[in-house]
Amino acid sequence: MESVTVTRTIEAPPEEIEDVLADLEPFMRASGFDEVDVEGDRLEISKALGLLRISLTLEVYEDDEAALAYEQTEGNFESMTTTYALSEQDGETEVTAETEFALDAPGGSILDATVVQRQRRKELEAQLNYLEEELS
């Protein structure tokens, strides 16, 4: 299992961050996905990545340690989960976004763990940028 973790301190209380996270469509678009369809706790997202098109079906699930958590139910990975944990400190909130993933076909896939980590880091950073912009 591979992982990518991005942490940032945002000048807002956890409740305000949770409100932005709850509006899933713009939050997912902020990471660069050009197609986002939200139906309840189910998300269909896709984006072009070079010559490859990444399409994922995600399901939001409850995680006592995260403000938002989702896992892939269909898509390019053997497994993939992402969590957004919040920790309040002196009127600010530390947001930790973490994705853990396993690739389908080791060595035989267009997707390489290093490429996925680099791309996912950019996506998580973009989402944290979005949180900052929405709350400033």
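Where a number appears in this text, it was derived from the coordinates with a stated rule and is not lab data. Source: prediction; values computed, not measured. FYI the Cβ positions are ideal-geometry reconstructions off the backbone, even for glycines, and counts take in every protein chain you see.
Does region 59-83 hold any residues that are within 20 Å of Gln119 (Cβ to Cβ) and either loosely packed, with under 13 Cβ neighbours inside 10 Å or free of Cβ contacts under 8 Å to residues at least 12 places away in the same chain (or both), and which are they? Within region 59-83, Glu74 is the sole residue that qualifies.
Close contacts from region 23-37, counting a first residue that is closer than 15 Å to Asn129 by Cα and a second that is part of a helix (DSSP H, G or I) and among the polar types (S, T, N, Q), with Cβ to Cβ under 6 Å and a gap of 6+ residues or different chains, come to Ala30/Gln127; Ser31/Gln127.
Kindly indicate the residue of region 114-132 that is more than 20 Å from Val95 (Cβ to Cβ) and of a type outside the set (A, V, I, L, M, F, W, C) and also surrounded by the fewest Cβ atoms within 10 Å (Cβ to Cβ) among those meeting that condition. Can you show your working first?
We begin by selecting, within region 114-132, every residue more than 20 Å from Val95 (Cβ to Cβ); these are 114-116, 118.
Checking which are of a type outside the set (A, V, I, L, M, F, W, C) leaves us with 114, 118.
Details: Thr114: 9, Arg118: 11.
Filtering first and then ranking leaves Thr114.
For region 1-37, the set of residues classified as of a type in the set (Ser, Thr, Tyr) and touching a strand residue (DSSP E or B) at 6+ places or on another chain (Cβ under 7 Å) consists of Ser3, Thr5, Thr7, Thr9, listed by residue number.
Just wondering, is there one or more residues in region 96-105 that are within 18 Å of Asn129 (Cβ to Cβ), touching a Leu at 6+ places or on another chain (Cβ under 9 Å), touching a residue at least 60 places away in the same chain (Cβ under 8 Å) and hydroxyl-bearing (Ser, Thr, Tyr)? Break it down stepwise before answering.
Step one: of region 96-105, the residues within 18 Å of Asn129 (Cβ to Cβ) are 96-99.
Then drop every residue that is not touching a Leu at 6+ places or on another chain (Cβ under 9 Å), which leaves 96-99.
Pick out the ones that are also touching a residue at least 60 places away in the same chain (Cβ under 8 Å) and you get 96-99.
If we keep only those that are hydroxyl-bearing (Ser, Thr, Tyr) as well, we get 96, 99.
Scanning region 96-105, I find at least one residue that is within 18 Å of Asn129 (Cβ to Cβ), touching a Leu at 6+ places or on another chain (Cβ under 9 Å), touching a residue at least 60 places away in the same chain (Cβ under 8 Å) and hydroxyl-bearing (Ser, Thr, Tyr), so the answer is yes.
Do you know which of the residues in region 1-33 that are over 14 Å from the mean Cα position of the chain (by Cα) and assigned to a loop (DSSP other than H, G, I, E, B) is surrounded by the most Cβ atoms within 10 Å (Cβ to Cβ)? Among those residues, the one meeting the criterion is Ala12. Across region 12-22, the qualifying residues are those that are acidic (Asp, Glu) and in contact (Cβ under 8 Å) with a residue 12 or more places away in the chain, and the one among them that is farthest from Thr83 (Cα to Cα) is Glu16. In the set Leu86, Leu56, Leu43, only one residue is among the aliphatic types (A, V, I, L, M), in a strand (DSSP E or B), within 15 Å of Gln119 (Cβ to Cβ) and touching a residue at least 24 places away in the same chain (Cβ under 8 Å); that residue is Leu56.
Within the bounds of region 62-77, is there any residue that is closer than 18 Å to Gln127 by Cβ, in contact with a Phe, Trp or Tyr (Cβ under 7 Å, 6 or more places away or on another chain) and outside any strand (DSSP E or B)? The answer is yes; a qualifying residue exists.
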